[in-house]
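Inspection log for the structure reproduced underneath, given as structure tokens.
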Amino acid sequence: TGDSNHNDLAATYAATATISNATITVNAPNQSYTYDGSAHGSAIAVTTVGSQTATIKYGTVSGTYNLNSNPTAINVNDSKTVYYQVTAPNHSTVTGSYTLTITKADSAVTAPTAQTGLTYNKSAQELINAGSSSTGTIKYAVTSSGASAPSDSAYSTDIPSETNAGTYKVWYKSFGDNNHNHSVASSIDVTIGKKEVGLAWGDTSFTYNGSPQAPTATISGVINGDDCTVSVSGARTNYSATAYTATAELNGAKAGNYALPTDPNTNFTIGKR
């Protein structure tokens, strides 16, 4: 409208007001859970402008949103990529995805216990009382004492047994299933003791005869069929005013399974002729 010095403007103008779609804010981080037998999912956080209500659709195939609730996973093999579509009046549609991952839990192991009081008896003897695992299969392997852990292929579900005397290292671990890791290998030492034999000495008094002489020894308690004999070292030839010492020693293929008494020695004398 003009003033006293201006005419009114006899033209009409029009303006267009445009309301564009607002942006939906979506927070859908990747989710990872350790297997515990429960169903896990990821709740998407959505923010719209004003009081508009958003609708969320889900899917497990890219571009397909046919689920009204977010998928869940229980087992490791259920891990997946979840796709989502978020819509709201006066807002631009938002699509995206996140990963839902179930990782393996550690195996729980009840350790085996060592058999005690084992002594060589020519038969195979179990080295341990069995352990257990509620989350996998417990297996065993045997090495010599001081050896490092064997490869997985050496393990067996059989309770380990050994025949010969010695100290053995029994390894055990839980071989996990689809939802559980293998446990770390642990070990216990188990000993099969040597069987003690009886030792008897013959005459310990000799007269010089120009040849080496020593007492004879005999052993008792060797299991029938085992190659284990006794020999004596320390034979002497000449007279001595003090006694000599003879020592018994075990020999043979099975000698390692037997032990002489604590003192395997005896004194003997060679008198003058």
### Message
What is the sum of charges, Lys and Arg at +1 and Asp and Glu at -1, for the other residues whose Cβ falls under 14 Å from the Cβ of Thr266?
### Response
-2
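Determine the sum of side-chain charges near Tyr208: Lys and Arg each +1, Asp and Glu each -1, restricted to other residues whose C-beta is under 11 angstrom from that of Tyr208. Show your work: numbers first, answer last.
Values: positive: Arg236, Lys272, Arg273; negative: none.
So the environment of Tyr208 carries a net charge of +3.
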### Task
Put one equal scatterer on each alpha carbon of the stretch 130-237, apply the Debye formula with no solvent term, and list log10 I(q)/I(0) at q = 0.20 1/Å to two decimals.
-1.02
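Using a probe of 1.4 angstrom, how much of the accessible area of the stretch 73-139 is carbon and sulfur, in percent?
Working: 1370 of 3250 Å².
About 42 percent, which is the carbon plus sulfur part of the accessible surface.
Provide the per residue accessible area, probe 1.4 Å, for the stretch 229-273, rounded to a whole number of square angstrom.
Values: 2530 Å² over 45 residues.
Per-residue value: 56 Å².
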### Message
Within 12 Å, Cβ to Cβ, of Pro160, how many net charges do the neighbouring residues add up to if Lys/Arg are +1 and Asp/Glu are -1?
### Response
-1
### Message
Within the stretch 148-229, what whole-number % of the accessible surface is contributed by carbon and sulfur, with the 1.4 Å probe and all protein chains included in the calculation?
### Response
43
### Query
What ³J(HN,Hα) values, in whole Hz, does the Karplus curve 6.51 cos²θ - 1.76 cosθ + 1.60 give for the stretch 148-160 when θ = phi - 60°, with x put for Gly and Pro?
7, 4, x, 6, 4, 5, 7, 7, 9, 6, 5, 5, x
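Mean separation of Cα pairs under 8 Å and 6+ residues apart, divided by the residue count of the stretch 81-168: what relative contact order is that in percent? Please list the in-between numbers first.
Details: 114 pairs, mean separation 21.8, N = 88.
About 25 percent, as a whole number.
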### Task
At 1.4 Å probe size, with no ligands or nucleic acids counted, give the accessible surface of Glu196 in Å², nearest ten.
120
### Mean Cβ neighbour count within 10 Å, used as a protection proxy, ranking 184-191, 166-173, 217-224 highest first
166-173, 184-191, 217-224
## Note on the structure
Taking only protein heavy atoms and a 1.4 Å probe, the highest-to-lowest accessible-area order of Val86, Val46 is Val46, Val86
### Query
Within the chain, how many lysine pairs that are 8 or more places apart, or on different chains, have C-alpha atoms less than 22 Å apart?
15
### Query
Long-range amide H contacts for His180: which residues qualify at under 5 Å (H placed 1.01 Å from N, peptide plane, sequence gap of 5 or more or a different chain)?
Ala105
### Query
Cα-based Rg (one decimal) and Dmax (whole number) for the chain, in Å?
43.5, 168
### Task
Tabulate in residue order the Karplus-calculated ³J(HN,Hα) for the stretch 54-69, using 6.51 cos²θ - 1.76 cosθ + 1.60 with θ = phi - 60°, rounded to whole Hz; enter x for Gly and Pro.
8, 10, 10, 10, 10, x, 10, 10, 4, x, 10, 10, 10, 10, 8, 10
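Taking the Cα centre of the chain as origin, work out the dipole magnitude from +1 charges on Lys and Arg Cβ and -1 charges on Asp and Glu Cβ, in debye rounded to 20. Please list the in-between numbers first.
On the way: 13 positive and 17 negative charges, 188 e Å.
Result for the chain is approximately 900 debye, rounded to the nearest 20.
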## Note on the structure
Carbon and sulfur atoms account, in whole percent of the 1.4 Å probe accessible area of the stretch 26-71, for 43
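The values are calculated or read from the model by the stated rules, or taken from the named source; none is laboratory data. Bear in mind that the values here come from a model prediction, so they are computed numbers and not experimental data. Glycine also receives a Cβ, built like all others from the backbone with ideal geometry; neighbour counts cover every protein chain displayed. Note: accessible area is taken over every heavy atom of the protein model, side chains too, but ligands, DNA and RNA are not part of it. Shrake-Rupley method; radii C 1.70, N 1.55, O 1.52, S 1.80 Å.
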